[in-house]
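Just below is one structure, and these are the notes that go with it.
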Amino acid sequence: MSRNTAAPPATHQTAGIDIDATASGLARIVARIRNTWPDPSAFGAVKLEIGYFANVIDIGGIGLAMSTDGVGSKSMIAQMMNRYDTIGIDCVAMNVNDVICVGARPVSMVDYIAIDQARPEVLEAIAVGLEAGAKQARISICGGEIAQLKTGFDLVGTAVGTVPLDRIITGRDIAPGDVVIGLESSGIHSNGMTLARHAFFERARVSIDHVFPELGIRLGEELLKPTLIYVPEILEIIAEVPDVKALVNITGDGLLNLSRVMSPVGFRIDDLPPTPPIFGLIQLHGPVERAEMFEVYNMGVGFCIVAARQDADRVLAILARHRRPARVIGEAVDDPAKGVNLPREGLLGHGKHFRRM
């Protein structure tokens, strides 16, 4: 697919998202909130550093895993389409997919709905998605909050789960040669929607109802495809492959999320699945540089499992039973700098950014 060169490349920053400033602000928040942590031997001790997919606190010998996240500006697509019955699935997915990354079984969730006008039919449609997502994740939704704000619409959740304190998975045992198994995504999921909206509605100036031949459906329908929920198959893998090394949710930052594991290793990713066409369209109409695409989007891989090479067939067999398309996409390598190398793309990533090799 050729790239539109009539306009300078679009980036997350030109679309209104400053990743570096966010990281700087987050560091200041972390410095403050760490002052609230109890003694490591006390009730409620925090078991992990901030920055992993979920954290775990010690509740009298029980590991309570917690994560909070929202659907971001995907809520704006729901508003543009006047369709709210799937956005709840995304809210559940964004939380439970993080909770399982520490090896926890998600148990329950609460939601927060901010909306400019509490129309009963809209709230019911949101609840339809929340219910569907909760059933997929096999959790309950035990409460929530509705706030009427004159700022549009937002949907956020907080999920909890349990994990034995001696079975918390953080990637600390990954060694060079361990394989990375990539589970395919359903498309854009719930990250990078601001850049997508910038590319399509501000740069290309197409409508939410536009049908690209590559998609075969309205653009809005493609962008609203729910984030996949990977809970049942991951819990089965944890149970049947007790030495699984790491579980990595591929959300914002794309495959750079692999570098969040605790081991001082890098990753060589050289057999990615076919990229869903929505990503090629964003890259074309932004236009967006290829490195930026891999910094922002999952590019077809929604979740990764790191396992010993001898366990790869068992993991893939479980995924096949769940009809979850997956493959070995690469391996861990000896790299204390924790780089993510995409040799077929000519990209090497550290931290939040990829660069051309």
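Each of Arg34 and Asp313 was given a label point 7 Å from its Cα along the Cα-to-Cβ line. The distance between the two points is 4.5 nm.
Computed in the context of the full set of protein chains, the accessible area of the stretch 29-159 at 1.4 Å probe radius has 55% of its extent on carbon or sulfur.
Screening the chain for DSSP H helices whose Cα atoms reach 20 Å or more along their own axis and whose mean Kyte hydropathy is at least -0.5 gives 19-33, 120-137. By a 1.4 Å probe calculation restricted to protein chains, Ser73 has an accessible surface near 20 Å², given to the nearest 10. The largest accessible area among Thr170, Thr68, Thr11 belongs to the first residue in Thr68, Thr11, Thr170, and the rest follow in falling order (1.4 Å probe, all chains). Out of the stretch 145-192, which trypsin sites (Lys or Arg not before Pro) are coil in DSSP terms and have no more than 12 other C-beta atoms within 10 Å? Passing both the DSSP loop test and the Cβ count: Lys150, Arg172. Residues in the chain average 43 Å² of solvent-accessible surface per residue, probe 1.4 Å, ligands and nucleic acids excluded.
Quick check: the distance between the Cα centres of the stretch 223-243 and the stretch 61-99, to the nearest angstrom? Going from one Cα centre to the other spans 16 Å. Pairs of lysines in the chain whose Cα atoms sit within less than 22 Å of one another amount to 8, provided the residues are eight or more positions apart or on different chains. Note on the chain: helix-only mean residue ellipticity at 222 nm, from DSSP H runs of 4+ residues weighted -39500 (n - 2.57) and normalised by residue number, equals -8000 deg cm²/dmol.
The values are calculated or read from the model by the stated rules, or taken from the named source; none is laboratory data. Because the structure is predicted, anything quoted here is derived from the model rather than measured. All Cβ positions, glycine included, derive from the backbone under ideal geometry; neighbour counts span all protein chains shown. For accessibility, only protein heavy atoms count, side chains too; no ligands or nucleic acids. Shrake-Rupley method; radii C 1.70, N 1.55, O 1.52, S 1.80 Å.
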